[in-house]
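Scroll down for the structure; my scribbles are underneath it.
The values are calculated or read from the model by the stated rules, or taken from the named source; none is laboratory data. For clarity, every value in this text was computed on a predicted model and none was experimentally measured. Here Cβ is always computed from backbone atoms with ideal geometry, including for glycine, and neighbour counts include all displayed protein chains.
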Amino acid sequence: MSTMMLSDEQVRAAILEFLIKKGRWGAHYFPIDTLVNWMGRKVERNGKRVKACLKELARQGYILMHKRGGTASLNPALAQQIRELVSTSSPSRT
């Protein structure tokens, strides 16, 4: 299985795009372990980079953490900015 060479910004956009496709906004959250395992297969450096990008997205307010950091969802208050970020830096569009 091949991994893609993505910048950190593209990894963050891929995470946001994944959560958008799954419809995970607000109280509809997704397990972080599952997200890291799924994304880690497709990105260089396995899950370490994915976890770092998740923390950065949470720090920026794009992702809301639930259940003591075990799950995450998209921040519905920033829906416009999230969609713009995904459309400008998504790896599937470059």
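Across segment 60-76, the number of residues qualifying as over 10 Å from the mean Cα position of the chain (by Cα) and in a strand (DSSP E or B) comes to 4. Checking each residue in segment 22-59 for being part of a loop (DSSP other than H, G, I, E, B), at pLDDT 90 or above and crowded, with 18+ Cβ neighbours inside 10 Å picks out only ARG24.
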